[in-house]
Amino acid sequence: MLLATAGGSAAAAGLSVALAEGPVSLVFYVAQANGYFDSEGVAVTTRSCSSGRDCYRLMADGSVQLATAAELVATVNSFTRPDLAFIASISSSANQIKVVARRSAGVSTPASLAGKRIGTVVGSSAEYFLDSWLLFHNLSARNETIVSLTPDKMVRALQQGDIDAAAIWEPVATNALAALGANGLLLPAPRVYTQHFGLITTRATLDAQQADLLKLLQALLRAERFIAEQPLKAQQVLMARLGLGQALAEAHLREHDFRVRMDQSLSNTMDSQARWAVREGHVPAKSKPEDLMSVAEPALLRKLAPNAVTIVR
């Protein structure tokens, strides 16, 4: 079912977007709330999903034309889908993914996670973060029990004691802490991974609807400026959309960079993720793209905001 729409019902000349629910999608929420898609002349329909991977699946099966997802989704799927295009980051953060633990499991420090059961979404940016996080703390995923869970199962698994900790993105991490109460613990999160959350589409959509995509990006750039210039109003949009309290909404605005960009750091991250995905067996090594960075397509954003593009292909 198509949810919160901007610009009316889906139409041939419009764009359909699978939109991950969370602070990462604030520029979309602002663009919808302020009518920016309408005023730019593009009909945009959004379909809600709980994670970037779920959003990507909707795009892959043809239900929508674009997906919002972390860059890892584009990296991993480019091994089998050379037609993918990552056209812009809509937010970035080194704090989007967190490690939440149960005190009752004997966890008080990162070191005390040794040998514990850690839940995460295997094959996702959360697992990639966890692998880097464990390495930073001189731990190894091979010494802990990694439990594969979907985001909607994470909080309950912690409450029931099925896992001792979870590496998961917002807002699930905050929901887990709230559910655990005094038994919950947020472990330190060094800057081991900056997530680039953005827009993924196909080359076919890119070729067929370039004009609409430019209008969509222009609306998101306007939303970016609104967030920078009127953070309190942007905070209210986030509170209304996700049902958050003021303190939590303020924290999310501090933790995320809501600029619409294509940074060089995206290239470095995707290269690292490709090696990780092969090493962990998430993709067959023989299918690795000849040019991984062909997935990154900065041309549209460069037309609108040249200074927002620093990536070199």
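The values are calculated or read from the model by the stated rules, or taken from the named source; none is laboratory data. Treat the numbers as computed from the prediction; the structure is a model and nothing was measured. Backbone-built Cβ (ideal geometry, glycine too); neighbour counts: all protein chains shown. When the accessible area is computed, the model is the full protein with side chains, heavy atoms only, and any ligands, DNA or RNA have been set aside. Shrake-Rupley method; radii C 1.70, N 1.55, O 1.52, S 1.80 Å.
Does Val278 count as within 28 Å of Ser48 (Cα to Cα) and surrounded by 14 or more Cβ atoms within 10 Å (Cβ to Cβ)?
Judged against the criteria, Val278 is not a match.
Condition check: surrounded by fewer than 23 Cβ atoms within 10 Å (Cβ to Cβ), touching a residue at least 24 places away in the same chain (Cβ under 8 Å), assigned to a helix (DSSP H, G or I) and not basic (Lys, Arg). Does Leu232 satisfy that?
no
Among the residues of segment 296-305, is any in contact with a Phe, Trp or Tyr (Cβ under 8 Å, 6 or more places away or on another chain) and at negative phi? First the steps, then the outcome.
First pass over segment 296-305, keeping only residues in contact with a Phe, Trp or Tyr (Cβ under 8 Å, 6 or more places away or on another chain): 296-297.
From what is left, the residues that are at negative phi are 296-297.
Yes, some residue in segment 296-305 is in contact with a Phe, Trp or Tyr (Cβ under 8 Å, 6 or more places away or on another chain) and at negative phi.
State yes or no: is Leu186 open to solvent by 30 Å² or more (accessible area, probe 1.4 Å) and under 22 Å from Pro23 (Cα atoms)?
yes
If only one of Ser104, Ser92, Ser112 is among the polar types (S, T, N, Q) and without any contact (Cβ under 8 Å) to a residue 24 or more places away in the chain, which one is it? Give the derivation first.
Values: Ser104 fails: without any contact (Cβ under 8 Å) to a residue 24 or more places away in the chain; Ser92 fails: without any contact (Cβ under 8 Å) to a residue 24 or more places away in the chain.
Checking each option against the conditions leaves just Ser112.
Just checking, which of Ala223, Ala179 is surrounded by fewer than 17 Cβ atoms within 10 Å (Cβ to Cβ), touching a helix residue (DSSP H, G or I) at 6+ places or on another chain (Cβ under 6 Å) and in a helix (DSSP H, G or I)?
On the way: Ala223 fails: surrounded by fewer than 17 Cβ atoms within 10 Å (Cβ to Cβ).
When all the criteria are applied, what remains is Ala179.
Against the definition (of a type in the set (Lys, Arg) and in contact with a Gly (Cβ under 7 Å, 6 or more places away or on another chain)), how does Lys215 come out, yes or no?
Values: of a type in the set (Lys, Arg): yes; in contact with a Gly (Cβ under 7 Å, 6 or more places away or on another chain): yes.
Taking the combined requirement at face value, the residue satisfies it.
Inspect all residues belonging to segment 5-19 and state whether any of them is at pLDDT 95 or above, open to solvent by 10 Å² or more (accessible area, probe 1.4 Å) and in a strand (DSSP E or B).
As a first pass, look at segment 5-19 and keep what is at pLDDT 95 or above: 15-19.
From what's left, open to solvent by 10 Å² or more (accessible area, probe 1.4 Å): 16.
Now narrow it down to the ones that are in a strand (DSSP E or B): 16.
Yes, some residue in segment 5-19 is at pLDDT 95 or above, open to solvent by 10 Å² or more (accessible area, probe 1.4 Å) and in a strand (DSSP E or B).
Among the residues of segment 112-124, count how many are touching a strand residue (DSSP E or B) at 6+ places or on another chain (Cβ under 8 Å), open to solvent by 10 Å² or more (accessible area, probe 1.4 Å) and under 14 Å from Ala277 (Cβ atoms).
1
Mind checking which residues of segment 125-152 are within 21 Å of Ala20 (Cβ to Cβ) and either surrounded by fewer than 17 Cβ atoms within 10 Å (Cβ to Cβ) or touching a Gly at 6+ places or on another chain (Cβ under 7 Å) (or both)?
Kept after step one, since they are within 21 Å of Ala20 (Cβ to Cβ), are these residues of segment 125-152: 125-130, 148-152.
Matches in segment 125-152: Ser148, Leu149, Thr150, Asp152.
Which one is surrounded by the fewest Cβ atoms within 10 Å (Cβ to Cβ) among residues in segment 69-111 that are among the polar types (S, T, N, Q) and within 24 Å of Ala308 (Cβ to Cβ)?
In the first step, residues of segment 69-111 are kept if they are among the polar types (S, T, N, Q); the result is 75, 77-78, 80, 89, 91-93, 95-96, 104, 108-109.
Subsequent filtering for residues that are within 24 Å of Ala308 (Cβ to Cβ) retains 75, 78, 89, 91-93, 95-96.
Values: Thr75: 27, Ser78: 27, Ser89: 27, Ser91: 27, Ser92: 23, Ser93: 21, Asn95: 18, Gln96: 26.
By that ranking, first place goes to Asn95.
On the given criteria, is Asn268 more than 23 Å from Val44 (Cβ to Cβ), surrounded by fewer than 16 Cβ atoms within 10 Å (Cβ to Cβ) and touching a residue at least 40 places away in the same chain (Cβ under 8 Å)?
Values: more than 23 Å from Val44 (Cβ to Cβ): yes; surrounded by fewer than 16 Cβ atoms within 10 Å (Cβ to Cβ): yes; touching a residue at least 40 places away in the same chain (Cβ under 8 Å): no.
Answer is no for this residue.
Could you run through segment 20-41 and say how many residues are open to solvent by 10 Å² or more (accessible area, probe 1.4 Å) and part of a helix (DSSP H, G or I)? Before the answer, list the steps.
So the first thing to find is which residues in segment 20-41 are open to solvent by 10 Å² or more (accessible area, probe 1.4 Å), and the list is 21, 32-36, 38-41.
Now restrict to residues that are part of a helix (DSSP H, G or I): 32-33, 36, 38-40.
Of the residues in that region, 6 qualify.
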